[in-house]
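Only the coordinates and a few stated rules stand behind these numbers; no lab work does. Keep in mind that this is a model prediction, so the values were computed, not measured. All Cβ positions, even for glycine, are placed from backbone atoms using ideal geometry, and neighbour counts span all protein chains on display.
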Amino acid sequence: MLVLSGVVIIVLGFALRVHPLLVVTAAAFASAAAAGHGPLAVIALIGKAFVDARFLAVAWLALPAIGLLERAGLREQARAVVQRLRRATAGRVLLGYFLLRQAAAALGLTALGGHVPMVRPIVAPMVEGAAERDADAPLDDDTRQRLRAHAAAVDNIALFFGEDVFIAVGSILLIRAILQQEGVTVAPLEVALWAIPTALAALLIHGARLLRLDRTLSR
Amino acid sequence: MIGLDAIGIAAAMLPAAVALHHARDTGAPRHWRNAAFWGAFAVTLGAGPWLPDLVNGGLVLAMVALATLGLRPAPVATSDEATRAAFARRWGARLFLPALALPIVTLGGTLALPAGRLGGLALVDPKQVTLAALVAGAAIALVLALRLTRPPRGTAACEARRLVDGIGWPIVLPQMLAALGGIFALAGVGKVVAGGVLGLVAIDTPLVASLVYGLGMALFTIVLGNAFAAFPILTLAFGVPILIQQLHGDPAAVAALGMLSGFCGTLLTPMAANFNIVPVAALELRDRFAVIRVQAPTALLLLVFNIAALTLLAFPGGPK
């Protein structure tokens with residue numbers, strides 16, 4: 001049971017707003033110690049796992065180009081483009097991005113999107129620009145924050161409930177491998193077909209919320 | 001052949017450039033602290049595979065200590081609002097091209113070299129084609145952005161530092177959480193929790209089994225931060241023996257809806273840092289849980305949907 005101390009530290013640490021990097025490190029030491037690993041062994045384990053996960057850092061390579069384009073007015077341009085389209089409300093821009101992101105992910109094109117290369121420089125300014133034009137005034141800070149959070153959420157939800165419809169995605173390969181261990185064979189296409197109802201439900205539920213967002217903004 | 005080691009060296013260039021920029025910014029407060037943080041990160045990415053694990057671990061702990069002290073980097077100059085508006089009028093829609101080059105090159109590279117071979121030559125490790133294409137896409141986007149906007153020398157490093165500083169330590173959090181996930185797996189955290197739940201309830205009808213499996217996938221994903229880590233534990237503990245073998249559920253339906261229930265958990269947890277915490281930093285949001293709060297209603301409704309679909313559709317003879 002002591003190995004669960006790491007989970008307790010994570011929950012308490014996040015709740016008490018301790019620095020997340022410190023919380024994660026403390027949790028790693030606690031769970032590893034409970035499983036009988038000494039401090040030096042834990043440091044080596046953290047080092048190895050951190051280096052093994054270095055592929056996660058590749059996505060940041062987009063930052064220099066995005067920075068140059070932001071300096072040259074990319075966000076202002078995204079805002080201006082959407083402000084010329086009268087029918088493009090904030091909710092509809094978000095729904096349009098949802099459809100694009102989910103359809104691309106369902107075709108296996110998960111690289112199309114992302115918070116740093118797409119949401120920050122293009123989608124969020126478009127959503128803010130549309131809301132500003134419809135309100136005919138600069139947005140108050142709370143509304144701006146809410147719209148940005150919505151833009152990030154659309155990127156996640158459309159990706160998660162689109163990608164499983166594609167038969168070669170990592171999660172379907174994992175499902176096959178785990179079931180195979182137990183002697184159960186499934187075809188990737190069957191698994192992908194079972195992802196379609198949830199993909200449609202995600203579109204309906206989140207789409208309805210996005211269109212409702214327009215009504216709360218206009219009040 | 002281009003493999004993960006070469007890709008890691010490419011990824012190290014960004015924090016290395018940011019560290020140098022800080023180190024040379026001698027007048028700024030805490031410039032050495034920031035240079036050390038990004039420098040240590042660059043070393044683990046680029047040289048990590050050739051260093052002893054203990055050295056890498058020491059570098060990671062140093063980064064944790066520096067971030068806990070507070071990086072609070074000095075701001076760097078960028079263009080002001082009026083200049084940006086003038087720039088936007090001058091270049092117009094052409095500004096979108098470099099930004100779109102990144103996903104287009106990534107997709108194109110992935111589709112053009114599926115096995116990593118070009119004209120019979122093994123160019124890229126087949127497992128790393130997408131990452132290699134992402135590096136190429138970032139490089140091409142940078143060249144296009146430089147050619148279009150023709151900024152003064154050193155602007156690219158300056159702008160990279162502005163964005164990296166703006167996002168800050170959450171940049172390394174996904175890798176820290178991956179490390180924690182590995183340690184949790186090694187310590188058997190998942191098995192302890194799964195054993196506890198199994199002892200608590202009798203799982204003998206499709207409804208109860210679907211509830212335990214669906215909620216279990218969501219809760220484990222919330223704790224572990226990753227549905228891929230939760231899936232093997234829950235599926236080997238309940239999914240296969242109870243839902244598939246005992247209750248004769250359709251294996252594809254059980255596994256697919258189980259994984260999708262896990263994805264609902266991903267939308268609810270700060271442990272999935274690159275989805276829920278990194279955008280908070282990238283979009284300059286005040287509330288650390290702002291993205292999770294927006295996602296929660298959709299995630300909970302979809303979890304109900306997944307469990308209902310599992311109960312009603314996956315079992316022969318329907319739910320009893």
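Brief remarks on what is shown
- Shape call, the stretch B:4-171: gyration tensor on alpha carbons, a/c limit 1.5: oblate
- Cα long-axis angle, helix A:170-181 against chain A (0 to 90 degrees, to the nearest 10): 30 degrees
- Under 5 Å between amide hydrogens, built in the peptide plane, is the criterion, and for B:Ile2 it picks out B:Val124, B:Asp125 among residues at least 5 positions away or on other chains.
- Charge sum, other residues only, whose C-beta stays under 14 Å from A:Ala104's C-beta, Lys/Arg counted +1 and Asp/Glu -1: -2
- For the pair A:Ala15 and B:Leu123, a Förster radius of 56 Å applied to the C-beta separation gives a FRET efficiency near 0.70, rounded to the nearest 0.05.
- The overall shape of the stretch A:102-161, judged from the alpha-carbon gyration tensor, is prolate: a/c is not under 1.5, and a/b is greater than b/c.
- Modelled spin labels at B:Ala115 and B:Val192, positioned 7 Å past Cα toward Cβ, are 4.7 nm from each other.
- Per residue, the convex hull volume that the Cα atoms of the stretch B:73-223 enclose (Å³): 244 Å³
- Global size of the protein assembly as shown as Cα Rg and Dmax, reported in angstrom: 23.3, 75
- In a simple Cβ point-charge model (Lys, Arg +1; Asp, Glu -1; nothing else charged), the protein assembly as shown has a dipole of about 1400 debye relative to its Cα centre.
- When the P(r) of the stretch B:143-249 is calculated, the portion above 21 Å amounts to 54% of the C-alpha pairs.
- 10 Å binning of all Cα-Cα separations within the stretch B:110-163, expressed as whole percents from 0 upward: 22, 35, 22, 20, 1
- Under the membrane-span-like helix rule (DSSP H runs whose alpha carbons stretch at least 27 Å along the helix axis, mean Kyte-Doolittle hydropathy 0.5 or higher), chain B yields B:4-24, B:129-149, B:290-313.
- For the protein assembly as shown, calculated [θ]222 nm from helices alone, where every DSSP H run of n ≥ 4 adds -39500 (n - 2.57): -22500 deg cm²/dmol
- Kirkwood Rh in Å, taken over the stretch A:61-218 so that all alpha-carbon pairs contribute: 17.0 Å
- With a simple spin-label model that places each label point 7 Å from the Cα along the Cα-to-Cβ direction, the separation between A:Thr185 and A:Ala208 comes to 4.2 nm.
- Degrees separating the helix A:90-106 axis from the principal Cα axis of chain A, which is the longest one: 50 degrees
- The Cα center of the stretch A:175-191 and the Cα center of the stretch B:245-294 differ in position by 22 Å.
- Environment charge of B:Leu257, counting only residues whose C-beta is closer than 14 Å and scoring Lys/Arg +1, Asp/Glu -1: -3
- Scaled against 2.2 N^0.38 Å for its residue count N, the alpha carbon radius of gyration of the stretch A:2-52 is 1.12.
- Averaged over B:263-276, number of beta-carbon atoms from partner chains that fall within 10 Å: 4
- In Hz, Karplus ³J(HN,Hα) per residue of the stretch A:183-193 (6.51, -1.76, 1.60; θ = phi - 60°; x = Gly, Pro): x, 9, 9, 10, 7, x, 4, 4, 4, 4, 4
- Principal axes of the stretch A:11-97: Cα extent on each, largest first, Å: 63, 29, 21
- Counted over chain B with a bin width of 20 Å, the fraction of Cα pairs per bin, in whole percents, is 24, 50, 24, 2.
- Angle between chain A longest axis and helix A:124-135 axis [Cα atoms, degrees, rounded to 10]: 40 degrees
- Normalised contact order of chain A, rounded percent, pairs of Cα under 8 Å and 6 or more residues apart: 19 percent
- Of B:Pro73, B:Pro170, B:Pro103, the one that fluctuates the most in a GNM where chain B has Cα springs shorter than 10 Å: B:Pro103
- For the stretch B:174-313, the gyration tensor built on C-alpha atoms gives an oblate shape. Its axis ratio a/c (a ≥ b ≥ c) is at least 1.5, and a/b is not larger than b/c.
- Across the options A:Ala202, A:Gly38, B:Ala10, the greatest Cα extent toward the positive end of the charge dipole of the protein assembly as shown (unit charges at beta carbon of Lys, Arg, Asp, Glu) belongs to B:Ala10.
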